[in-house]
Amino acid sequence: MADPVELMILDLEEKYAQLPTTGAYLRLYPDEARFRRIFANLHERLNSHFEAINGRAKTTNYYWADNSRDLLSLIEEVPEALFVLQQAGIEVRFSPEYQAEIERCKPWLAPFRGSTIPDDFTPIKVIQYHPIFIRPDATVRLRKNGTNQSLRLIGEGSYARVFSFEDPDYGIRFALKRAKSDLRERDLYRFREEFRILKSLSHPYLVEVYQYDESRNEYKLEFCDETLRHFIQQRNATLGFDYRRRIALQFLYGINFLHGKGYLHRDVSLQNILLKTFGDDAVIVKLSDFGLVKDTSSTFTRTQTEMRGTIRDPQLHAFKDYSVTNEIYAIGWILSYIFTGREALVTGSGEVSRIVRKCTDQDLSRRYPNVRSIISDIEQLTNTIIDANMKIVEE
């Protein structure tokens, strides 16, 4: 036996499927796969009447007879359609603003000979770009907490301080990076560019940023638990080779993505590589601190720009000339630290030592040409162990 409520809904859908509805109103209800045309059609027809009434109120103060009857019929049609949906357990809220406008029009709308619009009639506020039919189960209420949240300083550099705080709306920890108040205009520009570039990039191994506050020159970003330096310092005696290789590859995948997008980091360091830690020893590497990032298509770097960055290539004599080859040098130092836990270039005859030497060779022509080549060599590393003295040896 057919469900009578379902038959009612099918009849309602069929009715509105036959009525013309424009895309301008259909787009207001993108999440309503089944009832989209119903809501869009009713919305469009109400707006058509309200716009016409606003126009007539400025001229003749008279609304035509046919239009008056049609609007009165539509005023009854809206609650009837919502009642059918309610019978099926589908809750829909009608805009209280529009309900108030309907109640305001009812007293002067006449079913015969047209309607006289009151002389003191104020124009109806037409809702054109927001839905007037809202499904509560298709929305979420976001709480705004007006209290100030305490910040905890977790890092500081030349241009900015980094804090952490817990957002009460989400119940999770975020980071906040705030530019120092005495920054030169050029450095403040770099700070804003750092946010803009990170916001334009999306990759698992790049830190994610959320919102920039122009009034305070600060922005929110995802919170990471540790720097690479601290993470390995605390666990160096227990980290196996495969675990270190996974960290190295995540770091390289992030750098390779950045280079592929036409950017050079220019400040790759043990402090600027962060890690999010999870249970069961899972970690995710996050590249951060893009304050010195260079768009390879940009001419922003001045001729006399001072040398910057934590790990400096001795073969780089002018910061404006910084290239992929110089970034490869810093990458070599990072890889050496990941695999040994020592802040010095690894020595030896193994494959890891060969890779590090190729990254940091004093002859630029003998270095890796790109990060993809390093990734290929790291991925092929096998049968490598770390002895009790933290030296890399071959099995």
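The values are calculated or read from the model by the stated rules, or taken from the named source; none is laboratory data. From a predicted model like this one, the values you see are computed outputs, not experimental measurements. Here the Cβ positions follow ideal geometry from the backbone for every residue, glycine too, while neighbour counts run over all protein chains shown.
Say whether the condition of being over 22 Å from Ala160 (Cβ atoms) and aromatic (Phe, Trp, Tyr) is met by at least one residue in region 209-228. Talk me through it step by step, then tell me what you get.
Just the residues of region 209-228 that are over 22 Å from Ala160 (Cβ atoms), to begin with: none.
No, region 209-228 contains no residue that is over 22 Å from Ala160 (Cβ atoms) and aromatic (Phe, Trp, Tyr).
Is there a residue in region 286-294 that is on the phi > 0 side of the Ramachandran plot, in contact with a strand residue (DSSP E or B) (Cβ under 6 Å, 6 or more places away or on another chain), crowded, with 17+ Cβ neighbours inside 10 Å and not charged (D, E, K, R)?
Going residue by residue through region 286-294, those that are on the phi > 0 side of the Ramachandran plot are 289.
Of the ones still in play, those that are also in contact with a strand residue (DSSP E or B) (Cβ under 6 Å, 6 or more places away or on another chain) are none.
Looking through region 286-294, none of the residues is on the phi > 0 side of the Ramachandran plot, in contact with a strand residue (DSSP E or B) (Cβ under 6 Å, 6 or more places away or on another chain), crowded, with 17+ Cβ neighbours inside 10 Å and not charged (D, E, K, R).
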**Prompt:** Consider Asn61 against the criteria (1) surrounded by fewer than 19 Cβ atoms within 10 Å (Cβ to Cβ); (2) over 26 Å from Thr116 (Cβ atoms); (3) in contact with a Ser or Thr (Cβ under 7 Å, 6 or more places away or on another chain): it satisfies all of them except one. Which criterion is unmet?
**Reply:** (2)
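Does Glu44 qualify as being in contact with a helix residue (DSSP H, G or I) (Cβ under 6 Å, 6 or more places away or on another chain), assigned by TED's automatic domain parsing to the domain that holds Asp11 and not β-branched (Val, Ile, Thr)? If you could, list the steps in order and put the result at the bottom.
On the way: in contact with a helix residue (DSSP H, G or I) (Cβ under 6 Å, 6 or more places away or on another chain): yes; assigned by TED's automatic domain parsing to the domain that holds Asp11: yes; not β-branched (Val, Ile, Thr): yes.
Yes, satisfied.
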**Asked** Hey, among the residues in region 64-86 that are at pLDDT 95 or above, of a type in the set (A, V, I, L, M, F, W, C) and within 22 Å of Leu10 (Cα to Cα), which one's surrounded by the fewest Cβ atoms within 10 Å (Cβ to Cβ)?
**Response** Leu74
**Request:** Considering each of Thr116, Thr139 in turn, give the residue that is modelled with pLDDT of 90 or more, closer than 30 Å to Asn41 by Cβ and among the polar types (S, T, N, Q).
**Result:** Thr116
**Request:** Give the residues of region 19-56 that are at pLDDT 95 or above, surrounded by 18 or more Cβ atoms within 10 Å (Cβ to Cβ), closer than 18 Å to Glu101 by Cβ and of a type in the set (A, V, I, L, M), sorted by residue number.
**Result:** Leu42, Leu46, Ile53
**Prompt:** Looking at region 8-37, which of its residues are under 15 Å from Phe83 (Cβ atoms) and either of a type in the set (A, V, I, L, M, F, W, C) or in contact with a Ser or Thr (Cβ under 7 Å, 6 or more places away or on another chain) (or both)?
**Reply:** Met8, Ile9, Leu12, Phe35
**Within region 233-244, tally of residues that are touching a residue at least 24 places away in the same chain (Cβ under 8 Å), over 15 Å from Leu275 (Cβ atoms) and assigned to a helix (DSSP H, G or I)** = 1
**Pair list, Cβ under 6 Å, 6 or more apart: region 196-215 residue among the acidic types (Asp, Glu), other residue crowded, with 16+ Cβ neighbours inside 10 Å** = Glu208/Glu222
**Asked** Among (1) in the same structural domain as Asp267 (by TED's automatic domain parsing); (2) in contact with a Leu (Cβ under 9 Å, 6 or more places away or on another chain); (3) more than 21 Å from Asp289 (Cβ to Cβ), where does Asn236 come up short?
**Response** (2)
**Request:** Can you run down the residue pairs with Cβ atoms below 8 Å, 6 or more apart or on separate chains, where the first is in region 327-339 and closer than 17 Å to Ala237 by Cα and in the same structural domain as Gln362 (by TED's automatic domain parsing) and the partner is outside any helix (DSSP H, G or I) and of a type outside the set (Gly, Ala, Ser)?
**Result:** Ser336/Arg342; Ser336/Leu345; Ser336/Val346; Tyr337/Leu270; Tyr337/Glu343; Phe339/Val346; Phe339/Ile386; Phe339/Ile392
